[in-house]
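> Below are the structure tokens for one structure; questions will follow.
The values are calculated or read from the model by the stated rules, or taken from the named source; none is laboratory data. Keep in mind that what you see is a predicted model, and the values were worked out from it rather than measured. Here the Cβ is made from the backbone with ideal geometry for all residues, glycine too, and neighbour counts use every protein chain on show.
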Amino acid sequence: MQTKLPILLVLLLFSGIALGQKKSELFAQIEELKLEKDSIAQELATIKREVSSSKAKAETLETENVSLREANATLLKNLTSFSELSKKSSENVNKTLEALGQKEKQLSDINKMIASNDSTAIVTLTQVKKTLGENTNANFSEGDIILSGSLNSLFGSDSSTELTDGGNEWLARVAEIIKANPNRKTEIVGLNITGEFGATYDQAIAVTKRLTDSLGVATEKLSTSVQDGNFKEGIAIKLRPDYEGFYGKVKENVKVAE
């Protein structure tokens, strides 16, 4: 019994020592586990922050992507509208240029007709001077060929209404000119400087009757009037272009161009 007791004490001592060592090791493991836990917690917190940041960035990118898609859609719509507007503007410009071309052609044709009328008038004036003589009082003004005769040469005085032989001869040559230019209308104008138009009108009528009754000029080709001569008196015979026919041609030309 006494021999077993020391052995038992020794065993208990060793057991206590072993138990103390295991406890120390367990505490050490616990501390190590705590450190690992803290490290893992820190890593987890870091990961959570990174995930949260990534999520925020993803949401921001999604928002920017939506805005970008909307901006692209708006830009595409604007480009389409601009393309349509540009097309319409181009069509309008082409129409305007075409209209201007037509107007230029109309003006060119009108200018040609005016130039042709003026050229014809100059040729006619040359013929008039050959018929009446180079010294005859004949002029060209605003498209009109104007033949002037004094009261003395036509009537012998400023108050007579009876034509002289020289007056009759001059009117005979004038009648030839009128009949040679059927495209012109003739106006007999009595010019007066005193304001007493009655006698002047009678003289203009005498010239008109001589041309129509004796010299074969068509009545519808003649008109008679009197006016203030502005310091000139006598009879002016105006061979005027057929303005009605001219404007009719212009009007027809405009219609055709349209």
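> Residues 205, 188, 237: which one is of a type in the set (A, V, I, L, M), modelled with pLDDT of 90 or more and in a helix (DSSP H, G or I)? Reasoning before the result, please.
Working: 188 fails: in a helix (DSSP H, G or I); 237 fails: in a helix (DSSP H, G or I).
Just one listed residue meets the conditions, 205.
> Separate question: Please work out which residue is nearest to residue 127 (Cα to Cα), limiting yourself to region 173-194 and to residues that are surrounded by 14 or more Cβ atoms within 10 Å (Cβ to Cβ) and among the aliphatic types (A, V, I, L, M).
First, pick out the residues of region 173-194 that are surrounded by 14 or more Cβ atoms within 10 Å (Cβ to Cβ): 173-179, 181, 184-193.
Now restrict to residues that are among the aliphatic types (A, V, I, L, M): 174-175, 177-178, 188-189, 191, 193.
Numbers: 174: 11, 175: 13, 177: 8, 178: 11, 188: 20, 189: 22, 191: 25, 193: 31 Å.
Checked region 173-194; the qualifying residue nearest to residue 127 (Cα to Cα) is 177.
> For region 151-172, give me the residue count where each residue is in a helix (DSSP H, G or I) and either farther than 16 Å from residue 236 by Cβ or among the β-branched types (Val, Ile, Thr) (or both).
Qualifying residue count, region 151-172: 5.
> Need pairs with beta-carbon distance below 7 Å; first residue among the hydroxyl-bearing types (Ser, Thr, Tyr) and within region 202-216, second outside any helix (DSSP H, G or I); sequence gap 6+ or separate chains.
208/188; 208/222; 208/224; 212/222
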